[in-house]
1. Keeping every protein chain present and rolling a 1.4 Å probe, give me the accessible area per residue for region A:4-117 in Å².
2. Placing +1 on the Cβ of each Lys and Arg and -1 on the Cβ of each Asp and Glu in chain B, which of B:Phe65, B:Ala340, B:Val88 has its Cα farthest towards the positive end of the resulting dipole?
3. Between A:Asp51 and B:Ala140, with labels modelled 7 Å along Cα→Cβ, what's the label distance in nm to one decimal, could you check?
4. Rounded, prolate or oblate, given the Cα gyration tensor of region B:13-368, with a/c below 1.5 counting as rounded?
5. Give a quick list of chymotrypsin sites (Phe, Trp or Tyr not before Pro) in region B:107-168 that DSSP marks as loop, anything other than H, G, I, E or B, with at most 12 other Cβ atoms within 10 Å.
6. Which value, in debye to the nearest 20, describes the size of the charge dipole of the protein assembly as shown about its Cα centre when Lys and Arg Cβ atoms bear +1, Asp and Glu Cβ atoms bear -1, and nothing else is charged?
7. So, in nm, how far is label B:Lys64 from label A:Val20 when the simple model puts each one 7 Å beyond its Cα toward the Cβ?
8. Where does the longest stretch of chain B lie that holds no trypsin sites (Lys or Arg not before Pro) found in a DSSP loop with 15 or fewer other Cβ atoms within 10 Å?
Amino acid sequence: MSLGYLGSYAAVLALFVVGVAIVAGALFANRMLRPTRPTPDKLATYECGVDPVGEGWAQSQVRYYVFTYLYVIFAVDAVFLFPWATVFAAPGFGMTTLVEMFVFLGFIALGILYGWRKRVLTWA
Amino acid sequence: MRTTLLAAADPTLADFGHDPLWISIIKAVVIFIVLMLGVLFGVWFERKLISRMQNRYGPNRAGKFGLLQSVADGLKMGLKEDLMPRTVDKVIYFIAPVVLAVPAFLAFSVVPMGPKVSMFGVETPLQLTDLPVAVLLVLAMASVGVYGIVLAGWGSRSPYAMLGGLRASAQVVSYEIAMGLSFVGVFLYAGTLSTSEIVGAQAGGNEIFGVPMPSWYMITLFPSFVIYVITMLGETNRVPFDLPEGEGELVGGFQTEYSNSLKFAVIMLAEYVNVFVVSAMSITLFMGGWRAPWPISLWDGANSGWWPLLWFFAKMVLVFAFFIWCRASLPRVRYDQLMALGWKILIPVNLAWILLIATAKAFRLTGTDRTLVYALGIVVLVGCALIWWRFDSVMQRRKEEREAQVQAEFEELGAEPAAGGFPVPPLDLPHYHGVARKEVSSGSN
């Protein structure tokens, strides 16, 4: 099978299909084999063992939301670093590339320092 | 100076994508079966080893040495009644374990397990596939797995599950950044993101005065390796970073509402496959991949044929045993400590380390202006020292301020206990005469 560039991805797709098939098959077999005798008590949310009170969704801190922003910034930063790291040693790059990355990481570091200063990175 | 030990059997990126479809399917199914069996006996191995570390026997009833214990547990979970609580979001609740499990398996498709071998007459590498961005695929799959965690917590409609899900995702994304950054050193040295070529790049070390130097990146890039080991524990929510399941705080975390059924089994499966994936990545990127370790590598046939599967398996067992060792010996860290370690130590240290090795590498490249490198190095060093000094003095000032404040409050409360706003009993009650005199005699003893 020769699909050129995408040929390598076909195998990933094959594994994906096998994975979905096996998981779906297992859940289907489970559905066929298991008993189902529900009672109101069984269908109550477990939470911590005592009877649940009020709405199921709890309020949570906005900080998690800020974290996902920070994550997006730094994940993108890391993704920019990867191609840089692979071509860095190639002829024709060298010093200029290095200085550019210093500048880029300087900006990113400024970001984390700003978050730090704004007390995003404190957990009480 | 670089001794090329690359044999003809060593796969490169060009060797992938030519397999007949049936070979790909055989490899995919074998990977699946091996991972499933790996989880079953990995759980057994973990329970047995941790028992021995804690001076007890562990499972020893089902089968010889309790070997069939996990098989029995798996069968039981498959045949149990499945409870879906009334309030859950049914679709999300059902999808979440699948979203957790499938990417975990997918990440294993780029793990190199051996050189090219003859499989049913077809010359093919012992690796399902390789991509120009193979390591990125692993990181991407880890990110998709986070969706499974968040959705499991969200769909459960239970406060504990929801908090556990958010906490787990915050932890995983924080450690994923440090993990991705610890790979950059490897890419700098190997010059590629393809897993098979990274293994190839660790094949032969330089020789200094005829003495072969170690070629595994765990030695040449030791700081990256240490950071990776910490992040791989954090990324898979293992002890000492197993806060998402912190029993005392969050019951079972995001999986609280998944009662002991097949869906729970799928979540556990995903967790263990994730452990295997990060172990395999540590081997591929830092420990020479499927190549034999030093004393064995003196034997010429060690890195050819099917033998490398054995070395790879042995390394997997060792890394997994390290996970268990950590679990047996380390206490769980506090949440603020965990996040502070990730954001304030691992990420800045990692960035600094990347710049350091990049500069060192630029220095070694011929034809570069060395004075510029020196100047940059001095600027960075002075900058780091300045930042550290600034932070240190600010911290010190804050600490002193806090201490003074606490002391002032203490003095105020000592004079008038109710001044703090809380209705506290007076500390100088007339009937209390100190510990020396007993108010009520306690009999003859």
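1. 60
2. The one lying farthest along the dipole's positive direction is B:Phe65.
3. According to this spin-label approximation, the distance is 5.0 nm.
4. Judged from the Cα gyration tensor, region B:13-368 comes out prolate (a/c at least 1.5, a/b above b/c).
5. Taking region B:107-168 and a limit of 12 other Cβ atoms within 10 Å, the loop chymotrypsin sites (Phe, Trp or Tyr not before Pro) found are B:Phe120.
6. Magnitude of the dipole: close to 880 debye.
7. 4.2
8. Maximal segment without exposed cleavage sites: B:87-333.
The values are calculated or read from the model by the stated rules, or taken from the named source; none is laboratory data. The model shown is predicted, which means the values in this text are computed figures rather than measured ones. All Cβ positions, glycine included, derive from the backbone under ideal geometry; neighbour counts span all protein chains shown. These area figures cover heavy atoms from the full protein model, side chains too; ligands, DNA and RNA do not enter into them. Shrake-Rupley method; radii C 1.70, N 1.55, O 1.52, S 1.80 Å.
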